[in-house]
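The values are calculated or read from the model by the stated rules, or taken from the named source; none is laboratory data. Nothing here was measured: the structure is a model prediction, and the numbers come from that model. Here Cβ is always computed from backbone atoms with ideal geometry, including for glycine, and neighbour counts include all displayed protein chains. Heads up: the accessible areas ignore ligands, DNA and RNA and are worked out on the full protein's heavy atoms, side chains in. Shrake-Rupley method; radii C 1.70, N 1.55, O 1.52, S 1.80 Å.
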Amino acid sequence: MNDVGKWKKGSSAPFALTMTLAVLLLAAGALAVSYSRTSISPASKQSELAINGEPVTAEELTLYVSRNRALVADYFRQTYGAEYTEGFWSASYSGEIPLFKLNERVKEQFIRTKVELLFAKRASVEENIGYGHFLERLKVEGERRVAAVKRNEAVYGPTRLDAQSYYFHELSLIRKATIEAMLADGILSVSETELKEQYEAFKTAAAGTEESTSVQWASMAYGDAAVGNSTQKQAYEMMRELQSALSSGSSLKEEAGLLGIPVISAMLNETARRSYAMDYPAAIGAIDDLEAGEVSELMEENGAYHLIGVEAKMAAVTPEYEEVRGSLAERLAERKYEQLVETEAGRADVQWDDEAAAARIGLALGVD
């Protein structure tokens, strides 16, 4: 599929993706020099990708490629004014090559994911952290939902689950459960002194922040989770059309309605933000950076494309310490957890054959 329109400004001549795959395989060898955390072991000669001994399957890699391809393409559009051609992924833009950028993002995210899953295993949250076990759970959950529909029982979310949405949703739940288990085991700890220091900082920050944000949120899902089973390409093109229509300053809700794109109105206070952030962390981060009247960039997250407009932000009222003690403790625990993940990721045993990764990424990019 095309990720970001029709690209044109690469310094390399455009080639068909099927012709460039061989180029990508040769060029990918240079990646080994670029990434200091990559260790090429004898296993790499067998085209093996693994982190801390946990293998990276082709199917799992495809999920991360799908999650990041549009973001990487958009980076080159915004940074270099690049427009899409069939040779985009092997073109050079001031020395940066999209395939290399995508490989870097996917690798870094894989390292973090595998480290977090290892933490989950150590904390007895998850016994089996392999991708095959995830697929088994996806199958069971899918069958449960279909059976519930046949019994006329309520089913929250889509009846048919797509692997990408379910995978990243499960990771967020595992992460939350792992933090709770590490707190219970004393691996993570939050003292009352730390909490009160955080509260004082919170009060200072709250004086200049907003408590609630009113938004219009347009989303177009694709794949099995979509109404009518829209393809990723179809969903992307509709959302790009909406984005182009908004450049004239028209209303997101009105323009989306004309195009048949679903829009929800939401009032996001702190509790709602935290709830949405479980499934849409990038979207919530974008909302926090927007001012009233502004619209986000087009984002791809959790099996859908999103455009979000901020209508208004309402002034905050600083709550008492006991009212926010729980949320402050959770945030501080998450921060300490992130520090542990960063430390562990920095010393992870990474086997990442760049030629094998380029081959798999190239195949994934060639599938609509």
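Solvent-accessible surface of the stretch 44-127, taken per residue with a 1.4 Å probe and all protein chains present: 40 Å². Reported to the nearest whole Å, the Cα centre-to-centre distance from the stretch 236-310 to the stretch 98-139 is 28. Give, as a single signed number, the net charge of other residues whose beta carbon lies under 13 Å from the beta carbon of residue 148, with Lys and Arg counted +1 and Asp and Glu -1. My count for the surroundings of residue 148 gives +2.
Accessible area per residue (1.4 Å probe, heavy atoms of protein chains only) ranks 290, 363 as 363, 290, with the largest value leading.
When each of the peptides 302-310, 62-70, 334-342 is scored by how many other beta carbons lie within 10 Å of its residues on average, the order from highest to lowest is 302-310, 62-70, 334-342. The apolar share of the surface of the stretch 258-368, taken as the fraction of accessible area on carbon and sulfur atoms (1.4 Å probe, ligands and nucleic acids excluded), comes to 51 percent.
Per-peptide packing, taken as the mean over residues of other Cβ atoms within 10 Å, places 71-81, 349-359 in the sequence 349-359, 71-81 from highest down. Residue-wise HN-Hα couplings along the stretch 182-190, as the Karplus relation 6.51 cos²θ - 1.76 cosθ + 1.60 with θ = phi - 60° gives them from phi, are 5, 5, 5, 7, x, 5, 10, 8, 10 Hz; Gly and Pro carry x.
Annotation: per residue accessible area for the stretch 273-368 equals 47 Å², rounded to a whole number [probe 1.4 Å, protein chains only].
Between the amide H of residue 85 and those of 7, distances stay under 5 Å, these residues lying 5 or more places away or on another chain, with hydrogens modeled in the peptide plane.
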